[in-house]
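Read the structure below first, then the notes.
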Amino acid sequence: YKKFTEKPEIVIIDFRMPVMNGIDAMVEILKINQKAKVVFSSPDATIKEEVISKGAIGFLSKPFVIYRFMNLIQNLINEY
């Protein structure tokens, strides 16, 4: 994220990642860009409250149905 000259408007992130977990990555992204819109996706719904409290604007439990994902993205586009 740091290396992008043009920052993505929406970041879709998972909890399990190779270098750092998604929560830590999201916190770092939001330090760089407080306006970043982070959507979290994970099969572990127990982390939903934590990620929302730390700045995620949406949460999708895996596996998710594509129309729910598309509706969430469309709503984000319409809001911003």
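The values are calculated or read from the model by the stated rules, or taken from the named source; none is laboratory data. Only a predicted model underlies this, so the values are computations on that prediction, with no experimental measurement involved. Neighbour counts are summed over all protein chains in view; Cβ atoms, including those assigned to glycine, are modelled from backbone coordinates with ideal geometry. SASA here: full protein model, heavy atoms, side chains in, ligands and nucleic acids out. Shrake-Rupley method; radii C 1.70, N 1.55, O 1.52, S 1.80 Å.
Amide H contacts of Val38 (H built 1.01 Å from N, in plane; Pro and chain starts excluded): Val11, Ile57 sit under 5 Å, all sequence-distant by 5 or more or on other chains. Highest mobility in the GNM of the chain, judged by mean-square fluctuation with C-alpha springs under 10 Å and restricted to Ala25, Ala45, Ala36, is found for Ala45.
Compute the Cα gyration tensor for the stretch 33-75, then decide on rounded, prolate or oblate, letting a ≥ b ≥ c be the square roots of its eigenvalues: rounded whenever a/c is under 1.5, prolate when a/b is larger than b/c in the other cases, and oblate in all that remain.
Values: a/c = 2.82, a/b = 1.15, b/c = 2.45.
Oblate.
Lysine pairs in the chain whose alpha-carbon atoms fall under 23 angstrom of each other, counting only those eight or more residues apart or on distinct chains, come to 21. Solvent-accessible area of Lys54, all protein chains in place: 90 Å² (probe radius 1.4 Å, heavy atoms, ligands and nucleic acids excluded).
With viscosity set to 0.692 mPa s at 37 °C, what whole-number translational diffusion coefficient in µm²/s follows for the chain from Stokes-Einstein and a Kirkwood radius over Cα pairs?
On the way: Rh = 13.0 Å.
Calculated translational D: 253 µm²/s.
Ignoring ligands, DNA and RNA, what percent of the accessible area of the chain is carbon or sulfur (1.4 Å)? Before the final figure, lay out the partial values.
Details: 3090 of 5660 Å².
Within the chain, the accessible surface is 55 percent carbon and sulfur.
About its Cα centre, the dipole of the chain is roughly 140 debye, where the only charges are +1 on Lys and Arg Cβ and -1 on Asp and Glu Cβ.
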